[in-house]
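To keep things clear, I will list the structure first and then write my remarks on it.
The values are calculated or read from the model by the stated rules, or taken from the named source; none is laboratory data. All of these numbers come straight from a predicted model, not from anything done at the bench. Heads up: the accessible areas ignore ligands, DNA and RNA and are worked out on the full protein's heavy atoms, side chains in. Shrake-Rupley method; radii C 1.70, N 1.55, O 1.52, S 1.80 Å.
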Amino acid sequence: QVQLVQCGGGLVQPGGSLRLSCGASGSRFSFYTMRWYRQTPGKQRALIAIFARGGNIVYHDSVKGRFTISRDNDKNMVYLQMDSLKPEDTAVYYCNAEYEFVDYWGQGTQVTVSS
């Protein structure tokens, strides 16, 4: 069982920045594939960034060049640095860990981009 605890989020003006953090339990964090998703009301949860256990990083086109996913395997942490935020980035953001073909989820955190 992997537990994920998220920190960060909040209200920011367009063009601003936020950093989301996600801490994971377990001693095999380096073997987890970590992902960030986001969800808006009435829509399905959407994958926006992946940091695979092998080191591959992939972004959805909507965030490419503005968001950066990173991880610290020594601290069991994954981060999402969000820059040049737009109102359409407003959503609940979820951290996800995949380990041994099982998905685990953080509790979600609200990000609101508004003036």
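For the stretch 1-96, which whole-number percentage of the solvent-accessible area (1.4 Å probe, protein heavy atoms only) is attributable to carbon and sulfur atoms? That fraction is 47 percent. Annotation: per residue accessible area for the stretch 26-115 equals 55 Å², rounded to a whole number [probe 1.4 Å, protein chains only]. Treating cross-link reach as a plain straight distance, find the lysines whose alpha-carbon is under 16 Å from the alpha-carbon of Lys64, omitting any fewer than eight places away in the same chain. Excluding near neighbours in sequence, the set is Lys86. Here the 3J(HN,Hα) profile of the stretch 90-105, calculated from phi with Karplus coefficients 6.51, -1.76 and 1.60 at θ = phi - 60°, is 4, 5, 8, 9, 10, 8, 9, 10, 10, 9, 6, 6, 10, 9, 10, 10 Hz, Gly and Pro shown as x.
Apply the Kirkwood formula to the chain: the hydrodynamic radius equals the inverse of the mean of 1/r over all pairs of different alpha-carbon atoms; give it in Å with one decimal.
Working: mean 1/r = 0.0711 Å⁻¹.
Hydrodynamic radius (Kirkwood, Cα pairs) of the chain is 14.1 Å.
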